[in-house]
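So the structure is just underneath, and the comments pick up after that.
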Amino acid sequence: MGCCSGRCTLIVLCTFQLVTALERQVFDFLGYQWAPILATFTHIVMVILGLFGTIQYRPRYIVLYAVWAAIWVTWNIFIICFYLEVGGLSKDSELLTFNLSRHRSWWREHGPGCQREEPVAGFQPSRGQALVPGVSCVLEHSYVEALHSALQILVALVAFIYACYVVSVFTEEEDSCLRK
């Protein structure tokens, strides 16, 4: 296979997915969002399996990765609907934290251009790290989260197409070897 083959492209896509998933995992940990942490961890494992299958010419692993890519697209569509409050979902619910903490998206307080409102000095109790949303944000945290998910969807769809292509090439090569 050549340098710009489907296999090499899938390797690059899986590597890019790993980088973006790790970045997303960091911000989910900072926001104590346990459901996205678990989903992203599973995603990282599946992308590693897809990467391994692509490098080692194992079509079964690539098929598993392609199935996961479809599930990952579905999860990210849910995240977009959640943060944009589509279909009765509310971004203020504790759905993503499993009701274990009162934290929300890390981007809520630390979004692009956000300025924190510090509580007035005195004997007021601290309201917690993620309970004070940033003000004067250039981009609301819900849009930042939706953009993260849209990027994940785009990369997963392209990777799904390449995974299907690579599986077909691998199985075609296996079939031609068996006929000889």
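The values are calculated or read from the model by the stated rules, or taken from the named source; none is laboratory data. Model, not experiment: these values are computed from the prediction. FYI the Cβ positions are ideal-geometry reconstructions off the backbone, even for glycines, and counts take in every protein chain you see. The area values use the complete protein model at the heavy-atom level, side chains included, leaving out ligands, DNA and RNA. Shrake-Rupley method; radii C 1.70, N 1.55, O 1.52, S 1.80 Å.
Quick check on residue 97: is it part of a helix (DSSP H, G or I) and either modelled with pLDDT of 95 or more or in contact with a His (Cβ under 9 Å, 6 or more places away or on another chain) (or both)?
On the way: part of a helix (DSSP H, G or I): no; either modelled with pLDDT of 95 or more or in contact with a His (Cβ under 9 Å, 6 or more places away or on another chain) (or both): yes.
Judged against the criteria, residue 97 is not a match.
Return only the number of the condition from (1) of a type in the set (Phe, Trp, Tyr); (2) at pLDDT 75 or above; (3) surrounded by 18 or more Cβ atoms within 10 Å (Cβ to Cβ) that residue 107 does not satisfy.
So the condition that residue 107 fails would be (2).
In the list 54, 15, which residue meets the criterion of being open to solvent by 50 Å² or more (accessible area, probe 1.4 Å) and assigned to a helix (DSSP H, G or I)?
Residue meeting the stated conditions: 15.
Out of (1) crowded, with 19+ Cβ neighbours inside 10 Å; (2) closer than 22 Å to residue 148 by Cβ, the odd one out for residue 61 is which?
(2)
Could you list, in sequence order, all residues of the range 21-35 that are buried (at least 18 other Cβ atoms within 10 Å of the Cβ) and either modelled with pLDDT of 90 or more or in contact with a Cys (Cβ under 9 Å, 6 or more places away or on another chain) (or both)?
Those that are buried (at least 18 other Cβ atoms within 10 Å of the Cβ) and either modelled with pLDDT of 90 or more or in contact with a Cys (Cβ under 9 Å, 6 or more places away or on another chain) (or both): 21, 24.
Can you confirm whether the range 112-132 contains a residue that is out of contact with any helix residue (DSSP H, G or I) (no Cβ under 6 Å at 6 or more places or on another chain), assigned to a loop (DSSP other than H, G, I, E, B), at pLDDT 70 or above and open to solvent by 100 Å² or more (accessible area, probe 1.4 Å)?
No - not one qualifying residue is present in the range 112-132.
Exactly one of (1) touching a Cys at 6+ places or on another chain (Cβ under 8 Å); (2) modelled with pLDDT of 85 or more is unmet by residue 89. Its number?
Of everything listed in (1) touching a Cys at 6+ places or on another chain (Cβ under 8 Å); (2) modelled with pLDDT of 85 or more, residue 89 misses just condition (2).
Kindly provide the set of residues from the range 29-48 that are of a type outside the set (S, T, N, Q) and in contact (Cβ under 8 Å) with a residue 40 or more places away in the chain, ordered by number.
Taking the range 29-48 as the starting set, the residues that turn out to be of a type outside the set (S, T, N, Q) are 29-32, 34-39, 41, 43-48.
The answer is 30, 31, 32, 34, 35, 36.
Of everything in the range 64-80, what is farther than 15 Å from residue 39 by Cβ and surrounded by 18 or more Cβ atoms within 10 Å (Cβ to Cβ)? Give them in sequence order.
Across the range 64-80, the qualifying residues are 65, 66.
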